[in-house]
Amino acid sequence: MASVDTAALVDWIHRFRDAVTAKRDWLTELDSAIGDADHGANMARGMDAVVAKLEAGTPATVDELLKGVGMTLVSSVGGASGPLYGTLFLRMGMAAGPVTELDATALAASLRAGLDGIVARGKAEAGDKTMFDAMAPAVDALDAAVARGADLAAATVAAAQAAAVGRDATLPLVARKGRASYLGERSAGHLDPGSASTTLLFETLAQATAESS
Amino acid sequence: MKKLINNPADVLAESLRGVALAHPELSVDFETQVITRATPKDAGKVAVVSGGGSGHEPLHGGYVGVGMLDAAVAGEVFTSPTPDRVQAATKAVDRGAGVLHIVKNYTGDVLNFEMAAELAEMEGIEVGTVIVDDDVAVQDSLYTAGRRGVGLTVLLEKLVGAAAEEGQDLASVVELAKRINAQGRSMGMALTSCTVPAAGKPTFDLPEDQMEIGIGIHGEPGRHREPLAPASEIARQLVEPILADLDAAGPAIVMLNGMGGSPLIELYLMYGEVVPLLEKAGVQIARNLVGDYITSLDMAGCSLTVLKADDELLRLWDAPVNTPGLRWGA
């Protein structure tokens, strides 16, 4: 496929909702090991709200769609994940603009803007053991694949794989941000829940682009 | 999990219904989960708003009332409230003199209140913020999200609430809040984990013969786990890190707080152990609180807060307060 339209983005959102719902207990378990045991519940609640809003009517343009997703997450998730995931989608929407579809380059630019937004809000850096550790390599891989001339489906698969590698690389890290940072050395040996849900975000993106190509 | 609940998903909504029924002097907006005073304070006075995850009762809803908070925003259990709700609270209680946000230093709370302040300011409401970070259990805070906001939040809400009530402007109230934060420290410990209703099982395993030193108000550890010790030894482990971080000689306000699952007989026993240690270090306990003031659901354990005081702080402390969780002189 050459581009994702709003229907493909909605498909992605549904798939992400289904994934965080299916993995709800796993995400919460990861969070109870090093955080406050609510990541799965919060993400599932937030994505349910997003899907309910989309079922009431899908916006015509990509920016309205993504900004709507972002605002709904900000106002329904809470915790640190709400502002961070919310900011991701808000910034993605702002970068995309009032278009009806995104080609690979535009999707990569939109995700890059989202990542920058998360960095500005959460001030995380590589190796802090946060969602950034999955998200940054995923966006880098997407950019690299697009630069190589890969099509959208191949580029999003590369991004999903990089996210998973980044997620797994959080296992030995000592957390420096968020609730897990208070565990110090004891946070090592556990996956970061934010990087786990971020990986689901990219895996479902790859599924959505594969499906519609 | 054995709890007095119906459905884990409804715990907060149904608890707020009880708050409204128990306290006609408060007003509960069930849509935004914001608790405000039924009778707003006078126009022209700074409003004080706090909030955070639920499960720490009486914090924060129990401190809404004359002499303390104007509004409390209740997030889901252990989950900070969302920015739109904090903004709704801010808008509801602004009396034209600006609003102070009291925020505990937890990433979620900081991010959501930051976004809420941006939203409120876009609507022309002046917002001042104090981030409370009194927890000495967090070492090497350069490498973490920083010290957590714990017990000092209670004392700060009381003192700053009194200053706002007597008509101090936003800049003075913010300055006072920061001064209080700078001279107060806390340290906590747990005997058991708590159980978050939505999770259904204890957040962490803590064997019968172990205790966790340096927990935050969700049970997150700060220092180490070790064999269970007598109260006298636990008292030493709470007092020493505080005094190592704060020269507390002189008058002070002291709180020995229960985490929700320890009976008052044990909290008084702990207070009896803590006082001589503090006095030996030259701390003159001018005022005190002993009881459950900032809890962690059903966690057993306690925390100690020491705030260096002066005549100004003691005057504000003694000012009338009339809330479900703290009441005197009113």
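Before moving on, here are some points about what is shown:
- Scanning the stretch B:211-253 for residues that are out of contact with any helix residue (DSSP H, G or I) (no Cβ under 7 Å at 6 or more places or on another chain), more than 11 Å from chain A (Cβ to nearest Cβ) and surrounded by fewer than 17 Cβ atoms within 10 Å (Cβ to Cβ) returns B:GLU226, B:PRO227, B:LEU228, B:ALA229, B:PRO230, B:GLU233, B:GLU240, B:ALA244, B:ASP245, B:ASP247, B:ALA249, B:GLY250.
- Test: residue in the stretch A:18-36 that is within 12 Å of chain B (Cβ to nearest Cβ), in a loop (DSSP other than H, G, I, E, B) and of a type in the set (A, V, I, L, M, F, W, C): no
Residue-by-condition table, conditions (1) touching a His at 6+ places or on another chain (Cβ under 9 Å); (2) within 22 Å of B:CYS194 (Cα to Cα); (3) among the basic types (Lys, Arg):
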{"site": "B:LYS91", "(1), (2), (3)": "no, no, yes"}
{"site": "B:ASP94", "(1), (2), (3)": "no, no, no"}
{"site": "B:TYR106", "(1), (2), (3)": "yes, yes, no"}
{"site": "B:ALA164", "(1), (2), (3)": "no, no, no"}
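- In the stretch B:81-133, residue nearest to B:MET68 (Cα to Cα) [restricted to those that are in contact with a Gly (Cβ under 9 Å, 6 or more places away or on another chain), more than 14 Å from chain A (Cβ to nearest Cβ) and not aliphatic (A, V, I, L, M)]: B:HIS101
- Strands (runs of 3 or more DSSP E) completely within the stretch B:243-330 that count 3 or more residues being touching a residue at least 40 places away in the same chain (Cβ under 8 Å) and under 29 Å from B:ALA163 (Cα atoms): B:250-258, B:301-308
- Scanning the stretch B:67-110 for residues that are part of a helix (DSSP H, G or I), surrounded by fewer than 24 Cβ atoms within 10 Å (Cβ to Cβ) and not charged (D, E, K, R) yields B:ALA88, B:ALA92, B:VAL93, B:VAL110.
- Lone unmet requirement of (1) surrounded by 12 or more Cβ atoms within 10 Å (Cβ to Cβ); (2) touching a residue at least 24 places away in the same chain (Cβ under 8 Å) for B:ARG17: (2)
- The criterion of at least 1 residues that are small (Gly, Ala, Ser) and touching a Ser or Thr at 6+ places or on another chain (Cβ under 7 Å) is met, among strands (runs of 3 or more DSSP E) falling completely within the stretch B:12-64, by B:26-29, B:47-54.
- Only one of the numbered conditions (1) surrounded by fewer than 20 Cβ atoms within 10 Å (Cβ to Cβ); (2) at pLDDT 95 or above is violated by B:GLY200, and that is (2).
- Hey, B:GLY222 of a type in the set (Gly, Ala, Ser) and either part of a strand (DSSP E or B) or touching a residue at least 40 places away in the same chain (Cβ under 8 Å) (or both) or not: yes
- Just one of the listed residues (A:MET47, A:MET43) is in contact with a Ser or Thr (Cβ under 6 Å, 6 or more places away or on another chain), surrounded by 24 or more Cβ atoms within 10 Å (Cβ to Cβ) and not charged (D, E, K, R), and it is A:MET43.
- With respect to the conditions (1) away from chain A (no Cβ under 13 Å); (2) over 21 Å from B:SER80 (Cα atoms), B:ASN181 lacks only one, and its number is (2).
- Filter result for A:ARG112 (among the charged types (D, E, K, R) and either away from every other protein chain (no Cβ under 14 Å) or more than 30 Å from B:GLU220 (Cβ to Cβ) (or both)): yes
- Yes/no for A:ALA180 being buried (at least 24 other Cβ atoms within 10 Å of the Cβ) and more than 18 Å from the chain's Cα centre (by Cα): yes
- Check on A:ARG91, modelled with pLDDT of 95 or more, among the charged types (D, E, K, R), more than 14 Å from A:LEU9 (Cα to Cα) and surrounded by 24 or more Cβ atoms within 10 Å (Cβ to Cβ): yes
- Residue match in the stretch B:2-14 (condition: surrounded by 24 or more Cβ atoms within 10 Å (Cβ to Cβ), modelled with pLDDT of 95 or more and within 13 Å of chain A (Cβ to nearest Cβ)): no
- Number of positions in the stretch A:54-87 that are within 8 Å of chain B (Cβ to nearest Cβ) and either surrounded by fewer than 24 Cβ atoms within 10 Å (Cβ to Cβ) or not in a helix (DSSP H, G or I) (or both): 6
- Of everything in the stretch A:135-171 that is farther than 21 Å from A:SER195 by Cα and among the charged types (D, E, K, R), the residue that is farthest from the chain's Cα centre (by Cα) is A:ARG148.
- Filtering the stretch B:72-90 to residues that are within 17 Å of B:GLY18 (Cα to Cα) and modelled with pLDDT of 95 or more leaves B:ALA72, B:VAL73, B:ALA74.
- B:ALA120 falls short on exactly one of the conditions (1) buried (at least 23 other Cβ atoms within 10 Å of the Cβ); (2) within 18 Å of B:VAL46 (Cα to Cα); (3) out of contact with any strand residue (DSSP E or B) (no Cβ under 8 Å at 6 or more places or on another chain), and that condition is (3).
- Residues located in the stretch A:63-80, provided they are modelled with pLDDT of 95 or more and farther than 22 Å from B:GLU31 by Cβ: A:ASP63, A:GLU64, A:LEU65, A:LEU66, A:LYS67
- Within the set A:SER195, A:SER181, the sole residue that is in contact with a Lys or Arg (Cβ under 6 Å, 6 or more places away or on another chain) and farther than 20 Å from A:MET94 by Cβ turns out to be A:SER195.
The values are calculated or read from the model by the stated rules, or taken from the named source; none is laboratory data. Computed from a predicted model, the values in this text were never measured in an experiment. All Cβ positions, even for glycine, are placed from backbone atoms using ideal geometry, and neighbour counts span all protein chains on display.
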